[in-house]
Structure formats: C-alpha cells, structure tokens
C-alpha cells in the first residue's frame, strides 16, 4: 500500500522523546507524523524493558517504562498524529520547508521540517552464535528481554551476560524462577557494588547458581522446547549442562543508525551533531533530539530529550509558520490547543 | 538562631527546579541544602497558582501546580535536604570547592558548589497605589493570587488587570462568584483570542461586568471589610462604584534578583548568563538553572529547568568528588541511592 501524507513536522522515532515531540509541536499548533521501525510506539521502553522502574522522571518518584509511555500517549492524544509504524525512514529529499521523506515501503511524507528522535537507531539484541538458535527464539525459549516477570514463575531459567540487565534480572527472578543460573564469561560483573554483593548473597543461600567464568556453548532440546544449556569454562575443556526451560541472553544491543547515516548529516561517534541552542543538525530544517543527538553537555537521559523536544519545536516554528511571531505562552494559560487532523 | 551547615551543593530557590536539583544531586550522591526567601517550598507554584493546571510536564497530561510540587517532594524525600526557608541568600564568599553562603539571618552554609534556581528572583505582587490598602490586604479582602477558588463562591468579586491571570480568573470565577467585574485600563486584554472571545460571551450573558477602560481609584469599607471598589474612566472624570467583597489585583510581579545581583555574575536582562553545556555562570563553581538562567535556546519552561538541573548536577560532580570518574548510570539500574544525612 502506498500512502502519501503531508504534515508540518515528520518525527522519526516513536520512543518517549519522539512521542513528547508530538506534544511540543502540537502545543505550537504544528501537525506531525510519527515514523518508527518498530511496530509499536514506545521504543526501548516498550520493546526492551516495559516493567523496569524509572526514578528520574520529574514528579514521578517511580514509574515503569510502560506507564511512562502510557502517560505520554494520553498527553499526545489530542493531537492524534498519523503513525507509520514498522517502517524505516529511508531517504530524505528536498530542503527546509519542503522535505519528502520516503519509507522502505515507498510511502512519502511531505513535511516542512524533520525531527530525528531515533534513540540508538534501529536496534536489536546481540545474539549468541549457537546452532539451532532460531527455533528456540521462535518459541520464546530464548529471549533477549523480559516482557513479563510472571511468565517465568516456576520455570528453570538460565541468564547469560555480565552487565546490568543480567545482574538485575538475576535479582528480580531469584524468588520467581524454580531454578536460576547466571552465566558470565568473567568472574566479575559490570554492576554496582551493592548489586554484586546481593548476587553473592543469593548464591550463598542457594537461590542462584553463579556460573563463572563460563560461556554458552550449546542448546539442548527439540521442537523449540529447551531442556538445557551447555556452557564451557573459558580456557579449559570443562563443560557443564544447566537445566533450562528459558535462556535469557543479555549481550547488549546491536544498534544501527541505518539509512539516516547516509543523509549527509554531520556525525560524531554514531550520533548526530546538533546546535545545542536549537537542536538543528548540519542540514537546515533537520533536527535531532534525545539519545541520537550529540552536543556538549549531552546526557543520555529521557528527561533531557524531553527538554530538547521543546527547544526543537520552538526552533522549528518559524520554518512552519514563516514570518509569524511566536508569542511565548505557558500551558497553564493556553491549555492544549485543538488541531485539525493531519 | 545561628545555624551553620556544611554540604556539597547549596541550592538557592526551592521552586520546582530547585527541588528537582536536590534529586539530581542526590542521584549522584551529592548532599544539598535548600534556601528560599519564601517560607514554603514550591516557589510560584505554591505561592501564586497552586490550583492552576499545567499541561506540559511529560507523562502528566494535566497536573496542578500544587500536585507537581507534591510529586517532587515525594521524589526528593529520600534525600531529605536541610531547608533554610524564609531566608535570603545574601553573600557568597570563597571559591569553587569551598564556598560560604551567608543568609540574611547570618547563617552560613559551607558548600563546594552553588546552584541558583532562583526563578524570577524574590518576587512579590505589584500593589495598586490606593489609600488604606494595607488594612484590606490584612483581612484578605484584597488578594494578589487565588489560593482557593471555592473561597470565593457566592461572593462579589472585582478583578483588576489585563493579562492572562486577570482573564483566566474571570473565566474561572464566572460561575462561582455572586457578582463579578473585570476592570482593565485598556479596551483590549493581553490574552489569547479564544480567551477574549469567551470574556465577551460572558459579558453578553450578564455573568461578567466588563469595565474598560477604567482604573482602580479607591476602596470603600471599614475595619478591613471591603464593600465596594471605586474606578475611574481613563481620560475623563467619570467614576463608577463596583460592589466588592473581594478585590483580586493582577498587575504582575515585581521581581528582584536581590543580593545575588551583586555577586559578580555576568547578567543579561536580569538573568544570569550561563554556559549552555554546563549551566555554569561566569563565576566558577556557581551554576544557574531554570528561569533565572540565560543562554541561547533558553525557554522559560519548568521542563527545561528540570533538564538543566540534571546537566548542572553532572557538571558539579567533579567539583564535589575531584578525580573520581562519574560512571554514567541509569536510574533503572541504580535505583535511588541512600545518603547519609547532611
């Protein structure tokens, strides 16, 4: 299906920062279209850690990633932007005031400005090189993120990895899983000292089997039903077989800016260089906010991305409404303006 | 009482942005002390518009100013900073790593860095030059902000002013007050076109008496009990007497940076010039965030102040913990660290 849309601002990335950009543009009466390679909005919050608590969103002492996205969805509901999900933004033609953004399904979005809120880019898990892996992935026997802790209750689980995700999930699943092993190729975990101490305590009490320094070497089972995970000690012939109905593999994310990397934007270590006062990239009319943007003082915090969304929207206003002064207004005075549908 | 405190970061201003700076410093294990000229935390949110809805705080589609402050208070509760309220920050001696901030009660706060989150500075309402005003202020017959809409139910109210506050409160009180007049010295209001149209509609339906172009000329009543407000038509001798138990005067805020203006910080139109990447002022170790700060791309939005609080805390970390690398961590991984009391 080819579907051509015309809007004020095309927003690439429907994670929390992209969603909030819809709101900030909407408050300035600019229409938006959302584009994301994932098939659901929310970015990593939805796809990777929906149940994780976040503590540093202002006036939310604790909010799960999925509740954050739900709150943002309610906030942008008045603006109801058209969404092109499951699409990659492939090409960008034209210039400020008249861009044509083409997706991998050959849809064209005409827009006066573009906001890239692409996070770490199109992302996916790093997969372990094990034979027969795909069949176990298909049944959910091998998982790269935990959509629901409850789904693992009473099951035998092997966690592989040495970073925060592996350590945090080992702690979170210790009193849920019937049997729990944590495999890491080094003796030490890349986790906060408290976390490592808690892992050691769980191991001492028998709730967790710490398997270090070992790495994954094979999967046992058939028809997508996992029975055990084979692991090998580094630097020796020793192997062990760990009972496992589910393997959680946390080897980080392979991220990829994808086609955006070829749009002629100035880049710096896989991030897009922006003017910190406007969030404009080296290509006029194209803005980048959130984790994909790079400037002095950049922190990869959702909160900073939210602020950048407000700044970019204000900087874009003269492109969408040339010659029209923007009278700065507080939301307390204006409320949320009604928009005609895009 | 003289009370000397020692802390990592002295935060001047306990409005929303100052409160969130406590949180961001706390997340980096830096202790804080809060200082504010008002006797309650929350700044203008608490003192001027506690019931006003705010729409642009992320993942809060609508939150009242008082609920915003309550949420921030819950968020910073784990850090429980000492508070010096009802105090002006008067003098700043010393240098980065060893400041001594002295209040108007001669208390000294020793701090390694200072964050100025002073908003519009110490602020107060512009008061109309009417004889006998103080007696009516003392009884609440003349008010400069509305602490509670319900307290005005069934009363005769005169609103004076031509800006957003006057117009918004006229709309909000039309079906609450027994009798309502809106006095402005010009024919037109400085309000959004929709708001002006709604005022005109209320006037047409008899729910609101629009009194323009008039200005306040006197107060009638005795013992602090207001009976009527006298107004005079501009450029003529015509006067009118409006029945009034309560006068709401919205003539804006007189703001004043106060002693901070003499701390030798580079200023620009009553705002403090900062480096946008660090929020540091021209005086090393002194940072400014929120409405008091000036940089290219500055928006006077609470949201941007929140982001600046995070940036300033990260920039301050090497002053408080020299030589100690700051490993960037997400709140989802670390949770909220426990701090020893200041």
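The calculated 222 nm mean residue ellipticity attributable to helices in chain A amounts to -7000 deg cm²/dmol, summing -39500 (n - 2.57) over DSSP H runs of n ≥ 4 and dividing by all residues. In chain A, the longest principal axis of the Cα atoms and the axis of helix A:302-320 are about 20 degrees apart.
Kirkwood hydrodynamic radius for the protein assembly as shown: how many Å is it when counted over pairs of different Cα atoms? Evaluated on the protein assembly as shown, it is 28.0 Å. Comment: the Cα-to-Cβ extended label point of residue B:105, at 7 Å, lies 6.4 nm from its counterparts in the other copies, nearest first. Measuring nothing but how far apart in sequence close Cα pairs (under 8 Å, 6+ apart) lie, relative to its length, segment B:127-249 scores a relative contact order of 32 percent. For segment A:46-165, the share of alpha carbon pairs falling in successive 10 Å distance bins from zero is 9, 26, 30, 24, 9, 1 percent. Principal axis extents of the C-alpha atoms in segment B:269-337 (largest first, rounded to whole Å): 40, 26, 16. Between residue A:325 and residue B:126, the C-beta separation translates, for a Förster distance of 22 Å, into a calculated FRET efficiency of about 0.25. Placing a pseudo-label 7 Å from each Cα along the Cα-to-Cβ vector at residue B:4 and residue A:77 gives an inter-label distance of 5.7 nm.
Closest approach of a chain A beta carbon to the axis mapping chain A onto chain B (residue, whole Å): A:307, 2. Direction-averaged projected area, Cα convex hull, segment A:142-192: 3.5 nm², rounded to one decimal. Distances between copies at residue B:233, taken between label points 7 Å from Cα along the C-beta direction, are 10.2 nm in increasing order. Relative to the longest principal axis of the Cα atoms of chain A, the long axis of helix A:193-204 makes an angle of roughly 30 degrees.
With both labels modelled 7 Å from their Cα along Cα-to-Cβ, the residue B:172 to residue B:237 distance reads 4.1 nm. Over segment B:1-76, what portion of Cα pair distances is larger than 20 Å, expressed as a whole percent? In whole percent, the long-distance tail amounts to 34.
Checking the a/c ratio against 1.5 first, then a/b against b/c, what shape does the Cα gyration tensor give for segment A:186-229? It comes out prolate by the Cα gyration axes. Helix A:16-27 and the longest principal axis of the Cα set of chain A meet at an angle near 20°. Measuring label to label, 7 Å along Cα→Cβ, what does residue A:262 give against each other copy in nm, shortest first? Copy-to-copy label distances at residue A:262, shortest first: 6.5 nm. I need the shape label for segment A:127-249. Rule: rounded when a/c is under 1.5, else prolate if a/b > b/c, else oblate, with a, b, c from the alpha carbon gyration tensor. Here segment A:127-249 falls in the oblate category. Taking only the C-alpha atoms of segment B:210-338, the Rg (one decimal) and the largest Cα-Cα distance, Dmax (whole number), read 24.6, 73 Å. With the convex hull constructed from alpha-carbon coordinates only, chain B shows a mean projected area of 19.6 nm² over all directions. Over all pairs of different C-alpha atoms in segment A:231-271, the reciprocal of the mean inverse distance, the Kirkwood hydrodynamic radius, equals 14.7 Å.
The numbers here are math on the coordinates, done by the rules we state, and not lab data. Predicted, not measured: the structure shown is a model, and the values here were computed from it. For neighbour counting, all protein chains shown are included, and Cβ atoms are generated from backbone atoms with ideal geometry for every residue, glycine included.
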